[in-house]
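Nothing in this text is a laboratory measurement; each read-out follows from the coordinates by a stated rule. Being a predicted model, the structure only gives us computed values, none of them experimental. Cβ: placed from backbone, ideal geometry, glycine included. Neighbour counts: every protein chain shown.
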Amino acid sequence: MNPMTDLQWEPNLVVFGGTFDPPHKGHSDCVEQVLKRFPKAQVFVTPCYQAPRTKDSVKVPVAGFEDRQAMCKLNFAALENVEIVDVERYLPCPNYTVQTLKHLRQGHKTEKLGFLIGGDQLRLFHRWFQPTEILHIASLIIVSRGRKAALLKGVETLSEKLSLPLQKEKDRLSLGSSKPIFLLSEPTTNSGSSIIRGKMSEDLPIPEDWLKMEVRDYISQHHLYRGSH
């Protein structure tokens, strides 16, 4: 059965990876969009244990893994069908998305995998480790801040970068023989982890709706993000 032509095919296990340093309202907005679009899906939030090196540097989380794991539990606590999974703690370092998805596929062979990313990540997706393999393992779900046209343009650019033909069918796209790609473009809170860390390091105010109170309290109690970006 072809997931592109079978319009009943939808991911029912969606993986949401990231450093979550710290997790914020924008992250939970993304998950809410996924659960609204795929109401039968379960979401696995997978904090990165050790990020891979990029072209110029390696992204080192400021907060430790245990702290980020704990903050994720607080940030997503109000959402049903969301589980915080520490799978990357036990995988080879650095953590590559493709190895995480392969590992989860082995343990969930009957599930239809999806992988959630933001529009910012889409622009660099062609530089990820084995991006084409990721597209064959999981259905890419891309969330933007209310800019569907920008998302579509981003997928068209990715098609060119990976030399894969873009196909369109109703509400889904695909690149070559990839799993379907879904675009979710409802507005999300304009918060960002690096901005939050920067403001906290300089003791500057952060918009109230950017962080859940429980996450704010955790950061304060554990003295995180003081004097460092």
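Of 79, 173, 204, 74, the sequence from fewest to most neighbouring Cβ atoms within 10 angstrom is 204, 79, 74, 173.
3J(HN,Hα) along segment 13-28: 9, 9, 9, 10, x, x, 7, 6, 10, x, x, 9, 4, x, 4, 5 Hz, from the Karplus curve 6.51 cos²θ - 1.76 cosθ + 1.60 with θ = phi - 60°, whole Hz, x for Gly and Pro. With a Förster radius of 30 Å, plug the Cβ-Cβ distance of residue 77 and residue 162 into 1/(1 + (r/R0)^6) and report the FRET value to the nearest 0.05. Computed FRET efficiency for residue 77 and residue 162: 0.20. Place a label point 7 angstrom from the Cα of residue 177 along the Cα-to-Cβ direction, then list the residues of segment 88-121 whose backbone nitrogen is under 19 Å away. Once the point is set 7 Å along Cα→Cβ of residue 177, 102, 113 turn out to lie under 19 Å by backbone N, inside segment 88-121.
Look at the alpha carbon pairs under 8 Å that are at least 6 residues apart: their mean separation over the length of the chain gives a relative contact order of 24 percent. Along segment 200-217 the Karplus relation, 6.51 cos²θ - 1.76 cosθ + 1.60 evaluated at θ = phi - 60°, assigns HN-Hα couplings of 5, 5, 9, 6, 9, x, 10, x, 4, 7, 7, 10, 5, 4, 5, 6, 4, 5 Hz to successive residues, with x for each Gly and Pro.
Potential lengthening of the chain between residue 42 and residue 130 amounts to 29.2 nm, from the contour at 0.36 nm per residue minus the alpha-carbon distance. Here the extension length gained between residue 148 and residue 223 equals 23.1 nm, from 0.36 nm per residue of separation less the Cα-Cα distance. With 0.36 nm allotted per residue and the present C-alpha distance subtracted, the residue 12-residue 120 stretch has 36.5 nm of extension available. In this rough spin-label picture, where each label sits 7 Å from Cα along the Cβ direction, the residue 208-residue 65 distance is 3.7 nm. On a 27 Å Cα-Cα criterion, which of the cross-link pairs 109/153; 148/179; 40/153 come out too long? 109/153; 40/153, as the Cα separations exceed 27 Å there. Here segment 51-198 yields Rg over Rh of 0.95, to two decimals, using C-alpha coordinates and the Kirkwood radius. Here the sum of -39500 (n - 2.57) over DSSP H runs of 4 or more residues, divided by the residues of the chain, equals -10500 deg cm²/dmol at 222 nm, to the nearest 500. Residues of segment 109-128 falling in the label zone of residue 186, defined by backbone nitrogen less than 17 Å from a point 7 Å along Cα to beta-carbon, are 116-119.
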